[in-house]
Amino acid sequence: MTGTALTWQRLRDLTPADFEAAGNRWHAVSNRAAADAVRVGQALTAPLRETQRGEAATAAVRRLERLRRNYEYVRTECGLVRTTLNGLATDLAEPQRRLRQALDEAAELRFTVHPDGSVAYPASTVDTLLGSQDTPAGRADGRGALPLDLAPGPAVRPLNPHADKAQALADSIARAVRAAVEIDARYARTLHGLRAAKGLDVTQAVLADVRRDAADVRATARDYLVGLIPYEGSPAERKAWWDALPDEQRQEFLRIAPDLIGDLDGIPATIRDQANRTYLPILMAELASRGDPESQTKLEALRLIQDRLAQPGGLPMYLLDIGAEGNGRAVVAYGNPDTSRHVATYVPGLGTKLDAEFVEDTMVRAEDTALGAQDIDPSSASIIWLGYDAPLSADVASTGDADRGAPAYNSFMSGLTATNEAGNPHFTAIGHSYGSLTVGTAARQSGGIPGVDDIILLGSPGVGVQKAEDLGVGRDHVFVGAAENDPVTHLPAKDEALLAGPGAVIYGDVYDKNNDDLYFGKDPSSEAFGAQRFKTDPGPMPVMELGGFQAHSQYFTPGLDSESASNIARVVGGTSHRVTEEERR
């Protein structure tokens, strides 16, 4: 539409389907280029590499690689054009609807809409205290004024009752046109930017231009893409939506808006992984541009995650979520949670945030769990779930972060149940430290934690319930690891902590001999709670020079606490009957 002024008449007569049809033609070109890129790579380049040697063969391979990159470039850019045209059609539909509604109302009232968008209304007769009065016809426009062709008259002259309605319609018409003009200009700028450089030599500069083009399209067409996603649906409904999408629309999301799909519960793990790997460098570039210390901390963690994803060998990793909001977000699976029979999801606790320690320590705990469980049943996977803001200091620890994190955790678990293809899978929820409170809070939600069969609580300061059966899986399916020298498992209740003073962490049990209460409720390792307590290494004494909180942090690590790590693996791997039991407190 650019090049000619957009009038209400043009907006009224616009056919959005024409843009969609044009987009489909661009999509056909994109598909053809994609097929040609595959053909060049598989039918020409690969055989040439395998059968030919020498300078001529090397030069031919180099030219074929250039041709393949060109086809990939065409595929991507044509796909971007298609998305832009579809977004334009979708975004213009709403102002067009509002315009047509105003025009229909004007027609019903027998008002006249002029080419400039002003609305004329007929004369009318009204009754006043002075008797019947004739009011003249008038004309309203959409510029916030009400110019009326009024002849001089008595001091008391009633306004034509049609005037207000005409003004409202004129304003509606003007707003619809202004909105359409803004949309048109925004999309025109984006389309004009989707131009190939002369010669079509796909250099690093061209690839950078592709990334800029994708970012422009993502920003311009975001409302269109967001509007397609059933955010209000359940994870199962989102999976059904994704499965029903044609492949070209799936690729559109993954290419243009990977951030919208990467954190969407109910989308298969391989798709979320692909989306988040695509989004990762975009997020890193955004954080690098900020420059503040917190952003740089998150950026360092993302670089470490990116390095680990690129490392060959080891357990396959799936990046199920990544984000910079709050203290940072990262959800990483070791093993495919959609094809594994046994899946554990571990919620970390106090002090956890997206930083180097998270990657080098917390993520490793999930990896160790996966390795241990796979020794029992190779069809096992383990997930580290940093999908909430854990408190960063004991001074601010309250139930608030757990209350906010629990619904997000349950949504994630619901997504796992929707996408798992193993048939009757076995899910384990693991909460460590404050994360055990988050898991306990999630278990107390309506319906409990979706799909969970077993719950493991490690180094817990309490989970917000008084008995194991309150967690919804039966007391025989709640397992507790509480190292004797883990100070967090000896915290007194909040009111008792006031009496304990500075010694609360170490000597809390002195103030708690009778009721087995911890900071957030009943001690999960106590007889009163009723869970299955398994053996752990006692760990170093909780004195700073002798190890501090080491006993609180070694539950997952075979090299530090092989007893605990083995028991965790037994529960996760589906052999909980083999855990080595420890006497309850």
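Each value in this text was obtained by applying a stated rule to the coordinates, not by laboratory testing. All values derive from a computational prediction rather than experimental measurement. We place every Cβ from the backbone using ideal geometry, glycine too, and count neighbours over all the protein chains shown.
Kindly count the pairs of lysines across the stretch 311-576 whose alpha carbons are less than 16 Å apart, treating pairs on different chains or eight or more residues apart as eligible.
4
Counting DSSP beta bridges in the stretch 311-576, what percent are antiparallel, to the nearest 5?
Counting DSSP beta bridges with both partners in the stretch 311-576, the antiparallel share is about 35 percent.
How far is helix 163-193 tilted off the main Cα axis of the chain, in degrees rounded to 10, range 0 to 90?
With rounding to tens, the tilt is 60 degrees.
List the residues, sorted by chain then number, that are 5 or more residues from Thr339 or on another chain and whose placed amide H is less than 5 Å from its amide H.
Correct list: Glu421.
What does the charge count near Arg570 come to, summing +1 for each Lys or Arg and -1 for each Asp or Glu among other residues with Cβ under 13 Å from its Cβ? Provide the component values of the computation, followed by the final result.
Details: positive: Lys535, Arg578; negative: Asp375, Asp377, Asp454, Glu563, Glu581.
Net charge around Arg570: -3.
Restricting to DSSP H runs of at least four residues, report the calculated mean residue ellipticity at 222 nm for the chain, -39500 (n - 2.57) per run over all residues, nearest 500 deg cm²/dmol.
-15500 deg cm²/dmol
What's the longest uninterrupted piece of the chain once you rule out the GluC sites (Glu not before Pro) that are loop residues per DSSP with at most 14 other Cβ within 10 Å?
Answer from the scan: 1-231.
Can you tell me how much longer the chain between Gln445 and Leu159 gets when fully stretched, taken as 0.36 nm per residue apart minus their C-alpha distance, in nm with one decimal? Each step should come with its number before you reach the end.
Working: separation 286, 0.36 × 286 = 102.96 nm, distance 6.00 nm.
Contour length minus Cα-Cα distance gives 97.0 nm.
Subtract the Cα-Cα distance of Asn31 and Arg211 from 0.36 nm times their separation in residues, and report this length gain in nm to one decimal.
Additional length available on full extension: 62.8 nm.
Grab the other residues whose beta carbon is less than 14 angstrom from that of Thr438, score K and R as +1, D and E as -1, and report the net.
-1
Quick one, which of (1) 17, 37, 26, 16, 4, 0; (2) 22, 59, 19, 0; (3) 17, 29, 22, 17, 12, 3, 0 is the actual P(r) over Cα pairs in 20 Å bins from 0, in percent calculated for this model?
It is the value labelled (1).
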